[in-house]
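The structure under discussion appears below in the form of C-alpha cells.
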There are 2 protein chains.
Amino acid sequence: MPLNKLIQDGDNQDLTQERFKATFDTDELAAVFNGGEDRLQRIREVRDELTKRGHLFDALPAAHRTRAERMEDVSRKVRNSAQGFQMTRKMKSDFFEFASLYSEYETNFFIHNFLRFLHPSNYSLLKNLMENVSDFADFTNNADMLIITRDVMGIEGFPLALHNLMFVPTIQNQADDEQQEWWLMDALQGKIIGTYAQTELGHGTNLSAIETTATYDKSTEEFIIHTPTTTATKWWPGGLGTSCTHVILVANLIIDSKNHGLHPFFVPIRDRNSYSSMPGVRVGDIGTKMGVNCVDNGFLAFDNYRIPRRNMLMKHSKVSKEGVYTAPSHPKVGYTTMLYMRSEMITHQAYYLAMAMIISIRYSAVRRQGEIKPGTQEVQILDYQTQQYRLFPGLARCFAFMTAATTVRQMTESCIKELSHGNSDVLADLHALSCGLKAVVTHQSSQSIDQARQGCGGHGYSDASYLPTLYTCSVGACTYEGENMVMLLQLSKYLMKAAAKAEEGAVMAPLVAYLAKSDPIENGDKYGKLLNHFEHVARHRVMHAYRQMIEEEKQGIERDYAFANHSVDWTKAARAHTKLFIARGFVKKVQEVSNEAVRDVLNTLAELYLSYELIEMSSDLTTNGYLPETEVQQIRHQVYDSMRKIRPNAVSIVDSFDICDRELRSVLGRRDGHVYDNLYKWAQMSPLNQKNLPHVEKYLKPMTSKL
Amino acid sequence: MPLNKLIQDGDNQDLTQERFKATFDTDELAAVFNGGEDRLQRIREVRDELTKRGHLFDALPAAHRTRAERMEDVSRKVRNSAQGFQMTRKMKSDFFEFASLYSEYETNFFIHNFLRFLHPSNYSLLKNLMENVSDFADFTNNADMLIITRDVMGIEGFPLALHNLMFVPTIQNQADDEQQEWWLMDALQGKIIGTYAQTELGHGTNLSAIETTATYDKSTEEFIIHTPTTTATKWWPGGLGTSCTHVILVANLIIDSKNHGLHPFFVPIRDRNSYSSMPGVRVGDIGTKMGVNCVDNGFLAFDNYRIPRRNMLMKHSKVSKEGVYTAPSHPKVGYTTMLYMRSEMITHQAYYLAMAMIISIRYSAVRRQGEIKPGTQEVQILDYQTQQYRLFPGLARCFAFMTAATTVRQMTESCIKELSHGNSDVLADLHALSCGLKAVVTHQSSQSIDQARQGCGGHGYSDASYLPTLYTCSVGACTYEGENMVMLLQLSKYLMKAAAKAEEGAVMAPLVAYLAKSDPIENGDKYGKLLNHFEHVARHRVMHAYRQMIEEEKQGIERDYAFANHSVDWTKAARAHTKLFIARGFVKKVQEVSNEAVRDVLNTLAELYLSYELIEMSSDLTTNGYLPETEVQQIRHQVYDSMRKIRPNAVSIVDSFDICDRELRSVLGRRDGHVYDNLYKWAQMSPLNQKNLPHVEKYLKPMTSKL
C-alpha cells in the first residue's frame, strides 16, 4: 500500500509518480492539518453523505452563469442541503443522540443552520436543545456547517450567510428572553431572514461617526428610525440586497434629544409575503464586486420609519415605556463576536490558500514546459527553482496559518469564558493579537494565492482554474471585518504601550515579554536561533518606532501626532510582532507531532517558513550588528535547501489537505491530473458557444457576410 | 485663474480646496505626462469630437451587464466609433491632407482601425496611402486609436482587438504582394475578421513544443492542417471564441515528412454568412477569465482540414507547387512585432496605474474617516501617513513607467529601422531590456493598483470604483505576452553573458557597463548618489548570482543546471538591473523639464521613487559595507519627507493625467468629488433591483411567506 492514499489507476502518470515519492502517510498528515483524526473522519463522513445527494450539485460551473443564475443556484442548494440533511439517519432518529456526537458548540451551530426546516412536531425538542447550549451561543462553532458550505455552496457566499453568521447570533446574544421567544424560532426556521446593518455609506470602521438615528417617541412608545443624510445610508450588509425581511439595525439611540450611543434594533424591512420594501424603507442591491457575488450586499435607508419600543434589543441596554434608559453592565460584551469572527477568518484564509496550493502544485507536476538544458525533454514546471519559490512558501504558510488559527480560536474561546465570569484581563492582549493576525494572514494569503495563480500561467487566469475566485475571496478579507491598515495601527497602539513598559522595566504580558529582552549571545538550537532572529527584528522595529516617537514628543509634538508621523514604521513593527507569534506557534506545533515521517516533512516546511519570512525582513537582520552578512546568506540558502527537500513530497503534501475535486472546483487542480481534456470540456459549456449571439448577429455578420 | 484647471463651482469642497493648493499649472504637467503639448491638444480634440457623439456611450455601467450583453455593447461601439469618425471634417475632406497631420506611423494605424467602413470609391485612395506607409507597417502607432478605444470601449477589450493588433499587421508583414492583394483590403474593411493563433492548450512560451501540423499534399497542392492531440488545440487567441472568420495559424510546416518548423497560414475557420464553423474545424469560446471578458478568447482544432498551397504566408518563406521549400533570408523578422507589443504594454500599464491613482487619491481627499487625535474632526484619509505610503509610490511610478515606455518605444522604433537595413547589433540588448521592463512594470503596476484599491476600503472592492477592473486588466499582463518569470530569466541569461564580460574586462554595451565599475568613493550630487546606490544593488546581485554559478560549474555542474540552481537569485538581479534603467530614465526626464514649478513637483516624485525603490531593496544596500545603516535610515526618512511634500499637490498631480470621468468609469474617482450620491445612483442600476428575482421567488418566499 503506497503512503499516498490518492493513487488511482488511470491517473496522469506524472502525478502518480509524484505520489509514489511520498515519504509519509497522507492520511496521517491530513489528520494533523484538519484538526485530528476524529475531525478528519467526520469530514469524510459528511462528504460521503453529501455524495449520496446528487441534487445538491450540478454540472454547470458557476463561471458560466450570470449573477442572478448563480444566486438562484446557491439558494436552491441552501434549501436542499438543509432539507437533505434532515434525511440522514443520525439526525432523524433523536436529537439528543445526535447532539451527543458533537460538542455543545457544534450542536448549537448545526441546529442554527440545518434544522430550520424541521417538522413542527420537533420544535419543542429543538427548543430544549437550544436552551441547553445557550451559554455557548457566542461560539457558533461552524465545524460541520463549514464542510457542507464549502462542498455544496462553495466559497462565494449565499443569501443566508449573514443570517447565520450575524443575525441569529445577535438575537441570541442581545435580545432579552421575551424577545427571543418572539423572534428566535422564526429566525432559526428561516421564516424571517435577516442581516446585520451597521456600516454606512460614508462611515466604516469609525463607529462613532455613524449617523442613523432611532429617536424614542414616548407618546406612541415607538422609535423613529431615520437616515438623515445620503452618507448615513446603510451600505454593504450581506443578504440585504434582495434576501432579507429583517435587519439588526445599529443606530444612535436618542431620547429627549440626548444621544445614548449605538444600539441594536430589530427592524422589519420587507413584507414577508411580497418582498416589497416597507413604506418608509428604501432598500436594494449595491451591485457587483470584485468577488463574492453570490452574496447580495445591499443598501438601506429610512424616512422616519416607526418600530415599537420593544424592537430595541434589550438584553443589555433598556429603554422603559417612559423613556428611561438603562445602560449595560458589561460594556465589552460586543467584542466577543468580533473576536470570534476574526479567528474564523484565519481558518478561512488557510483554507483558501490550501486550495490554491493544491491547484497550483498538482498542475505544476502535470504541466511540462521548457527545457533546463536545450535539446533535453520538457520539464515539469515544478522543477524550476523560480516556480518552487512562488509556491512552496505559500505551502508552508498554509500550515503556519492553520496552526495560528487553531491557537487563536482556543485563546478566544477561553477569553470569552473568562469574560462571562467578568474577567477581562486577557481581552486587550487577545484583541491586539487578533488585529495583527487578521492583517498579516489575509495579506500574505492573498499574496501567496496570487503567486500560485500566476505560477499557472495563462490557465491560472481562466476561471476554469478557480484561482481568480480564490484570490478575490481571499483579498476581500484584507478589507472587511476591519481594514488591514487600521488593524495594524490598533496593534501598534498596544505595542506602543508595551514598549513603554519595556523601557520602564515593568512586568510584561507573555506575548510582548521579548521586547524587554536583549539580543541573545548564545543562540540555542536551530529553531531557537531562528526564533531569536524573529524576536530581534520585531523588537528592533517596535523599539525603534517607539523611540522615534518619544524623540518627537520631546520636541513638543503631542503623542497622537507623533504616533501618526511614524505610523508606517509602526505598521512594519506590528507585522514583525505578528510574524513572531505565527512562527513560534508553528514550531511548537511541529514539535508536538508524534508520527516521525509527518514530523520530518513538517520540519522542512517550518524551516522554509522561518527562513523565508526572515529573508523577507532581512534588511533588519543586520541592524545593530545583530547578524553578519554571511549568516543572512546562510538563511537565504536554507530557503533554497528546504525547497529542494520539499519538492519530492510537494504533491503528497497538498493531497493531505484532503479537499476533494467537487469542493476544489478547479480543472487545473483535479486529483487525476487530467487537466487538458477537462479544460476542453469546461470550455464547451461557455454560454458564448450558443448560436445567434447578439454581437455576432447585429454587428459582425453585417460586416462579413457577402451580399 | 487658479493653477489647477479642473476647479469648478459646485464641486466637493475638500477637493476644491486641494486644487487651490496646486503649486504648478496642471495643463503644463498634463503636457509632460501625455507626451507634449501637441499630443495633449490632440487628445482633447478627439475627446471633444467623441463628446458630440452621444450614441457612442451609454448610461448603464458594464458591471451591470452579463458578458453577452457587454460583448454586444462593445461591438456596437466599435462599429459606431469607426463610422462616427468618418464624419469628422478632417477625415472626410482629403486623405492626404488628413495624413499630413500625422506621422506616417499614425496614419497607417488610423487607416487600419477606423477607415474600414469607407465608401468603395475611396478604396484606391486608401490603397495608395497604404503603399506609401507600408515600410512602417511594423509600427502601427496607436496614438489616436488609443484615445478612442480608452474613451469609448474601455480597457476590457472588444472582439476586433486582435484583428487590429495582430491579424492585419501579420498580413502586411508576412504575406507576399499577391496575397496582400487578395486579403488585405477585405481585412481592413472588416469583411473578414481574424486573429493570431499560436499558443496551444499544452504549450505556451516554448514555441518549439507546438504540435499543430500543416502537411503539404503535392497531389492536390494543398496543406492538410491537423491537430494531432488535445494539447495541440489552439487556446487563448482573442476574438477566436465567437468573432473570427479567419486566423493566422502558426503550425509546423511538413513537406515529405520533413518538419521545416513554424510558419504562418491564412486559414478560414467560419463561414462569413452563417458564422458556422467550417467542416473539419472545431472552434469556440473558452469561457470567462479573471478580467478582460469583452474579449472572446477561444479554442481551435482541425481534423485534416485542407487549405490551398497559397494560403501559407509567403513573403519570407515559400513552398513551390512541387513542394520545394525556400527559407527566409532574415530569421529575426518576427521579433519586431513582439518588441513593439511589449513597449506598448509599458504604456498601458502606466495608464492603468494613472487611472488607479486618480481614483484613489481623489477619493482619499473626499473620504473622511477616523481622528488622529480623539475628539477632533475626522480627517481626510489622504492625511494618514499609511495611506500616503500606499498611494504615493504608485503615483511616482506612473511617471517613471511612462518615461520608460517612451524611451523603450523610441529605442524599439530605431532598432526596427536598423533591422530593416540588416543591422541587428542592438537587438539583443533591446530584447533583454524589454523582457525586464515588461516583467517589472506589469508586476509593480498591478501591486500599486492593488494597494490603491485596498486604500479605498470597502468601496474599492465594489465595481463602482472600477479598481477591480483596473487590477484584473493590469495583473493579466504579468502573464500574457511572455510570463514574467520567463521574462526575468531571459534577461538573466543576457546579464550572465554581460557579467562574464565584466569579469574579463571586455567592452560592455552601455546598458550593462556599470557591471564592470567599482562602488564609487565620491558620490556626486543627490541624484548621482541615489543612482549609484541602484547601481550598487544591481551590480552586487548580478555579480553575486554569476559567481555562485561559476562556483558550481567548477564543481562539475553543467552551466545550464548551475544557472537553474540559482535562478531565483538571477530573477532578483534582473529586477534590480531593470529598476536601475527606469530610475536613470526618470531622473533624466525630470531634468529636461523646462517649467520650473512642474520640474519641482517632478523632482519630489523622483526623489520618492528613488528612495522608495531603494528601501524596497535595502537589504542589499549594506552589503560589502557599501552604506552605513545611518545612511539607509536617511533614505527611509527621504521617503516620508517626499510624501509630505507631495501631499498638498497630490490631487493636482492626478488631475494632470488629463483623464476624463467618462474614460475613468469610476464613481470614486469623479472629478467633482460627489462620490456618495453617485454611489447611490450607481447601485440603483444593479439588475438585482428588478422585481421577481428567481432566487427570491423560488426559494426565499416559500420560506418566509405566512400561509
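The values are calculated or read from the model by the stated rules, or taken from the named source; none is laboratory data. Keep in mind that what you see is a predicted model, and the values were worked out from it rather than measured. All Cβ positions, even for glycine, are placed from backbone atoms using ideal geometry, and neighbour counts span all protein chains on display. SASA here: full protein model, heavy atoms, side chains in, ligands and nucleic acids out. Shrake-Rupley method; radii C 1.70, N 1.55, O 1.52, S 1.80 Å.
Across the range A:491-535, the qualifying residues are those that are at pLDDT below 95 and of a type in the set (V, I, T), and the one among them that is farthest from A:N624 (Cα to Cα) is A:V507. In the range B:329-339, which residue that is free of Cβ contacts under 8 Å to residues at least 60 places away in the same chain and assigned to a helix (DSSP H, G or I) is nearest to the other protein chains (Cβ to nearest Cβ)? Only one residue fits best here, namely B:P331. In the set (1) within 14 Å of another protein chain (Cβ to nearest Cβ); (2) more than 20 Å from B:S75 (Cα to Cα); (3) in contact with a Phe, Trp or Tyr (Cβ under 7 Å, 6 or more places away or on another chain), B:V319 fails one condition alone, (1). For the range A:199-244, the set of residues classified as among the acidic types (D, E) and not in a strand (DSSP E or B) consists of A:E211, A:E221, listed by residue number. Go through the residues of the range B:444-451 one by one and say whether even a single one is at pLDDT 95 or above and of a type outside the set (S, T, N, Q). Checked the range B:444-451: at least one residue is at pLDDT 95 or above and of a type outside the set (S, T, N, Q). Assessment of the range B:662-681 against the conditions (within 31 Å of the chain's Cα centre (by Cα), of a type in the set (D, E, K, R) and part of a helix (DSSP H, G or I)) yields at least one matching residue. When every residue of the range A:261-269 is checked against the conditions, none turns out to be under 16 Å from B:H459 (Cα atoms) and within 26 Å of the chain's Cα centre (by Cα).
Could you check the range B:282-314 and list, in sequence order, the residues that are more than 29 Å from the chain's Cα centre (by Cα) and either more than 14 Å from chain A (Cβ to nearest Cβ) or part of a loop (DSSP other than H, G, I, E, B) (or both)? Once the filter is applied, which keeps residues that are more than 29 Å from the chain's Cα centre (by Cα) and either more than 14 Å from chain A (Cβ to nearest Cβ) or part of a loop (DSSP other than H, G, I, E, B) (or both), the range B:282-314 yields B:F302, B:D303, B:N304, B:Y305, B:R306, B:I307, B:P308, B:R309, B:R310, B:N311, B:M312, B:M314.
Is there a residue in the range A:259-276 that is crowded, with 17+ Cβ neighbours inside 10 Å, within 12 Å of chain B (Cβ to nearest Cβ) and outside any loop (DSSP other than H, G, I, E, B)? There is at least one residue in the range A:259-276 that is crowded, with 17+ Cβ neighbours inside 10 Å, within 12 Å of chain B (Cβ to nearest Cβ) and outside any loop (DSSP other than H, G, I, E, B).
Criterion applied to A:S619, A:S611 was being free of Cβ contacts under 8 Å to residues at least 24 places away in the same chain and part of a helix (DSSP H, G or I), and the one residue passing it is A:S619.
Selection of the range A:499-525 for residues being assigned to a helix (DSSP H, G or I), free of Cβ contacts under 8 Å to residues at least 12 places away in the same chain and charged (D, E, K, R) yields only A:E504. Annotation: of all residues in the range A:184-205 being open to solvent by 10 Å² or more (accessible area, probe 1.4 Å) and within 22 Å of A:G261 (Cβ to Cβ), the one that is farthest from the other protein chains (Cβ to nearest Cβ) is A:Y196. Does A:V247 count as buried (at least 17 other Cβ atoms within 10 Å of the Cβ), within 13 Å of chain B (Cβ to nearest Cβ) and either in contact with a Gly (Cβ under 6 Å, 6 or more places away or on another chain) or in a strand (DSSP E or B) (or both)? No, not satisfied.
Could you run through the range A:206-226 and say how many residues are in contact with a strand residue (DSSP E or B) (Cβ under 8 Å, 6 or more places away or on another chain), within 14 Å of another protein chain (Cβ to nearest Cβ) and open to solvent by less than 50 Å² (accessible area, probe 1.4 Å)?
Count: 3.
At least 3 residues being within 14 Å of chain A (Cβ to nearest Cβ) and either polar (S, T, N, Q) or surrounded by fewer than 18 Cβ atoms within 10 Å (Cβ to Cβ) (or both) is the threshold, and among the helices (runs of 4 or more DSSP H) wholly inside the range B:1-86 those reaching it are B:67-86.
If a residue counts only when it is among the basic types (K, R) and touching a residue at least 40 places away in the same chain (Cβ under 8 Å), which helices (runs of 4 or more DSSP H) contained entirely in the range A:377-495 have at least 2 such residues?
Filter on the range A:377-495 gives A:385-420, A:427-455.
The condition (being outside any helix (DSSP H, G or I) and among the aliphatic types (A, V, I, L, M)) is satisfied by just one residue among A:I346, A:I372, A:I359: A:I372. Restricting attention to the range A:622-642 and to residues that are at the interface with another protein chain (Cβ under 9 Å from one of its Cβ atoms) and over 15 Å from B:N624 (Cα atoms), the residue that is most open to solvent (accessible area, probe 1.4 Å) turns out to be A:N624. Inspection of the range B:405-423 finds a residue satisfying the criterion of being touching a Gly at 6+ places or on another chain (Cβ under 8 Å) and open to solvent by 10 Å² or more (accessible area, probe 1.4 Å). Note on the range B:452-481: residues that are open to solvent by 10 Å² or more (accessible area, probe 1.4 Å) and more than 10 Å from chain A (Cβ to nearest Cβ) total 2. Restricting the range A:682-707 to residues that are facing chain B (nearest Cβ under 7 Å), without any contact (Cβ under 8 Å) to a residue 40 or more places away in the chain and part of a loop (DSSP other than H, G, I, E, B) leaves a set whose member that is least open to solvent (accessible area, probe 1.4 Å) is A:L693. For the residues A:R342, A:R367, A:R306, the requirement of being closer than 28 Å to A:K579 by Cβ and in contact (Cβ under 8 Å) with a residue 40 or more places away in the chain singles out A:R342.
Across the range B:643-660, the number of residues qualifying as over 17 Å from B:Y384 (Cα atoms), open to solvent by 10 Å² or more (accessible area, probe 1.4 Å) and in a helix (DSSP H, G or I) comes to 0.
A:H443 meets the conditions (1) within 8 Å of chain B (Cβ to nearest Cβ); (2) open to solvent by 10 Å² or more (accessible area, probe 1.4 Å) in every case but one. The failed one is (1).
Identify all residues within the range B:186-198 that are in contact with a strand residue (DSSP E or B) (Cβ under 6 Å, 6 or more places away or on another chain) and assigned to a loop (DSSP other than H, G, I, E, B); write none if there are none.
B:I192, B:Q198
Scanning the range B:661-681 for residues that are free of Cβ contacts under 8 Å to residues at least 40 places away in the same chain, of a type in the set (S, T, Y) and more than 18 Å from B:G10 (Cα to Cα) turns up just one, B:Y680.
Just name the residue that is farthest from the other protein chains (Cβ to nearest Cβ) out of those in the range A:598-621 that are more than 18 Å from A:G394 (Cα to Cα) and open to solvent by less than 30 Å² (accessible area, probe 1.4 Å). That would be A:V598.
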